[in-house]
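One structure is given here, and the rest of the page talks about it.
Nothing in this text is a laboratory measurement; each read-out follows from the coordinates by a stated rule. Since the structure is predicted, the reported quantities are computational estimates derived from the model, not experimental observations. Cβ placement follows ideal geometry from the backbone for every residue including glycine, while neighbour counts extend to all protein chains displayed.
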Amino acid sequence: MQGTAIPYLDMGGASIKMNDDGSFNLLIGATDLGTGSDTVLAQMAAEVLGTSVDNIIVYSSDTDFTPFDKGAYASSTTYISGTAVVKAAEQVAERIRIRAAEMLRQNEEISPDEIRLADGKAFAPDGRYVTHQEVAYHTLHHQNQEQIMGVASYFSPVSPPPFAAQFAEVTVNIETGAVTVNRLVMAVDSGVIVNPVTASGQIEGGMTQALGYAVCEEMVYDEKGKARERNLKDYHIFRADEMPVMDTIFVQTYEPSHPFGAKAVAEIPMDGVAPAVGNAVLDAVGVDIDANPITPEKVWRALKEKPVIG
């Protein structure tokens, strides 16, 4: 298990502005480090606003004009910054419903609560609708002019844990002690998965990092305290053609503390690879290597010291 953000500390902000063509500017302090958070946060906004992701224009990480965010760490962006985005989008959606109800009113009042947002439109109960673009243009250029926008921030009092089970299949050369990891499988409960492609990418990336920790990455110092490995030629990390087969299985649950039921997914793939590989080596050749990385020398020495039975 792992945590989701740091309670009462991690905070994210978001603001959303509706443009006169029916698109929306989403301003977030959260930084996309390659995790796809810009896309995921745009998806959340689009879901609340009843529009497509193509209509969400994301501006992130520019401290001159985006809201504050504690940072892309602690498995917090989808959970913390995403909740801020949803809250800001709900404010915008409420204003759209109010203005659409006014525009769609005929002989009797329509409650904003009866307006449904979907497909870039605001629908009345009888099926009549106005588009987001029509609402925006009417709001900006006609009666009771206003700029529809929302600003929100969020911090969490809880840290709901994601859970995972890690599996490893290895081949061990009993003559040299070399360990080859053939396959890694991870089953993950991260709540509702907002974007399966980016989430599985984070799982695979985390397993890749953890695999290096498990079998090959090690900082060794000489007697003078100088690092032996000073570059990526000597400090070996896996090349693409050296990677094992990796599979991700999402076991979806609903986390009630998040508006879309999501939990963390970023750090938990780091947790289980090394112990799973260690257990697989133990299962294969009967030696328990209790110090990472599981290098050929450690396995070879352990095999040499293994008592002969019978």
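Taking the chain as a Gaussian network, where each spring joins two C-alpha atoms under 10 Å apart, which residue of Gly206, Gly286, Gly82 fluctuates the most?
Gly286
So how strong a dipole does the chain carry about its Cα centre when Lys and Arg Cβ are +1 and Asp and Glu Cβ are -1, to the nearest 20 debye? Don't jump to the answer; show the numbers that get you there.
Working: 22 positive and 42 negative charges, 78 e Å.
With only Lys, Arg, Asp and Glu charged at Cβ, the dipole is about 380 debye.
Once you treat every alpha carbon in segment 199-310 as an equal point and sum by Debye, what is log10 I(q)/I(0) at q = 0.15, 0.23 Å⁻¹?
Listed by q, the Debye log ratios stand at -0.82, -1.30.
Pull up the DSSP beta bridges for segment 179-310 and report the antiparallel fraction as a percent, rounded to 5. Please list the in-between numbers first.
On the way: 2 of 8 bridges.
Given both bridge residues lie in segment 179-310, the antiparallel proportion sits at roughly 25 percent.
So, counting K/R as plus one and D/E as minus one, what does the shell of residues with Cβ under 9 Å around Ala122 add up to?
Numbers: positive: Arg97, Arg99, Arg116, Lys121; negative: Glu134.
Summing Lys/Arg as +1 and Asp/Glu as -1 gives +3.
Sequence gap at least 6, Cα distance under 8 Å: using those rules, report the relative contact order of segment 1-75 to the nearest whole percent. Provide the component values of the computation, followed by the final result.
Details: 118 pairs, mean separation 31.4, N = 75.
So the answer I get is 42 percent.
Among the GluC sites (Glu not before Pro) in segment 15-116, which ones are in a DSSP loop with at most 11 other Cβ atoms within 10 Å of the Cβ? Mind listing them?
Details: sites: Glu47, Glu90, Glu94, Glu102, Glu108, Glu109, Glu114; in loops: Glu108, Glu109.
Taking segment 15-116 and a limit of 11 other Cβ atoms within 10 Å, the loop GluC sites (Glu not before Pro) found are Glu108, Glu109.
With +1 on each Lys and Arg Cβ and -1 on each Asp and Glu Cβ, how big is the dipole of segment 11-155 about its Cα centre, in debye rounded to the nearest 20?
It comes to approximately 180 debye.
Apply the Karplus parameterisation 6.51 cos²θ - 1.76 cosθ + 1.60, with θ equal to phi minus 60°, to every residue of segment 248-258 and state each ³J(HN,Hα) to the nearest whole Hz, in sequence, with x for glycine and proline.
10, 10, 8, 9, 7, 10, 10, 9, x, 7, 10
What percent antiparallel are the DSSP beta bridges of segment 11-155, to the nearest 5?
Values: 19 of 24 bridges.
Among the beta bridges of segment 11-155, antiparallel pairing accounts for roughly 80 percent.
What size of dipole, in debye to the nearest 20, comes out for segment 163-305 about its Cα centre when the only charges are +1 on Lys and Arg C-beta atoms and -1 on Asp and Glu C-beta atoms?
Details: 11 positive and 21 negative charges, 58 e Å.
The calculated dipole for segment 163-305 is roughly 280 debye.
Net charge around Val185, counting only other residues with Cβ within less than 13 Å of its Cβ (Lys, Arg = +1; Asp, Glu = -1)?
On the way: positive: Arg183; negative: Glu169, Glu204, Asp247.
Charge balance in the 13 Å sphere: -2.
Relative contact order for segment 83-241: what is it in percent, counting Cα pairs under 8 Å that are at least 6 residues apart?
Details: 157 pairs, mean separation 23.2, N = 159.
Reported relative contact order: 15 percent.
Helix 296-305: angle to the longest alpha-carbon principal axis of the chain, degrees 0 to 90, nearest 10?
Helix 296-305 sits roughly 40 degrees off the main axis of the chain.
DSSP loop chymotrypsin sites (Phe, Trp or Tyr not before Pro) in segment 215-282 with at most 15 other Cβ atoms within 10 Å of their Cβ, which ones?
On the way: sites: Tyr221, Tyr235, Phe238, Phe250, Tyr254, Phe260; in loops: Tyr235, Phe238, Tyr254, Phe260.
In loop regions of segment 215-282 (DSSP not H, G, I, E or B), the sparsely surrounded chymotrypsin sites (Phe, Trp or Tyr not before Pro) are Tyr254.
Quick one: which residues, 5+ away or cross-chain, put their amide H under 5 Å from the amide H of Tyr235? H built at 1.01 Å from N.
Arg230
Counting only C-alpha contacts under 8 Å and six or more residues apart, can you give the relative contact order of the chain as a whole percent? Working shown, then result.
Details: 663 pairs, mean separation 65.7, N = 310.
This gives 21 percent for the chain.
Computed over the Cα atoms of the chain, what is the ratio Rg over Rh, Rh following Kirkwood?
Numbers: Rg = 25.8 Å, Rh = 22.4 Å.
Checking Rg against Rh, the ratio lands at 1.15.
Apply the Karplus curve 6.51 cos²θ - 1.76 cosθ + 1.60, θ = phi - 60°, to the phi angles in segment 144-155 and return the couplings in whole Hz, x for Gly and Pro.
6, 4, 7, 8, 6, 7, x, 9, 8, 9, 8, 9
Non-local amide H neighbours of Ala262 (under 5 Å, H modeled in plane, Pro and chain starts lacking H): which ones?
Long-range HN contacts for Ala262: Val192, Glu255.
Would you report the distance distribution of C-alpha pairs in segment 11-155 as whole percents per 5 angstrom bin, up to the bin with the largest distance?
2, 11, 21, 21, 17, 12, 8, 5, 2, 1, 0
Under the rule of at least 5 residues apart or a separate chain, name every residue whose amide H is placed under 5 Å from the amide H of Tyr59.
Leu26, Leu27, Ile28
Please give me, ordered by residue number, the GluC sites (Glu not before Pro) of segment 146-179 that lie in loop per DSSP and have at most 14 other Cβ atoms within 10 Å. Provide the component values of the computation, followed by the final result.
Working: sites: Glu146, Glu169, Glu175; in loops: Glu146, Glu175.
Sites meeting the loop and neighbour criteria: Glu146, Glu175.
Picking from Val92, Val245, Val188, which is most flexible by a Gaussian network model of the chain using Cα springs under 10 Å?
Taking springs between Cα atoms under 10 Å, the residue moving most is Val245.
Calculate, in nm to one decimal, what Arg183 and Asn279 gain on full extension: separation in residues at 0.36 nm each, minus their alpha carbon distance.
Details: separation 96, 0.36 × 96 = 34.56 nm, distance 1.38 nm.
Gain on extension, Arg183 to Asn279, equals 33.2 nm.
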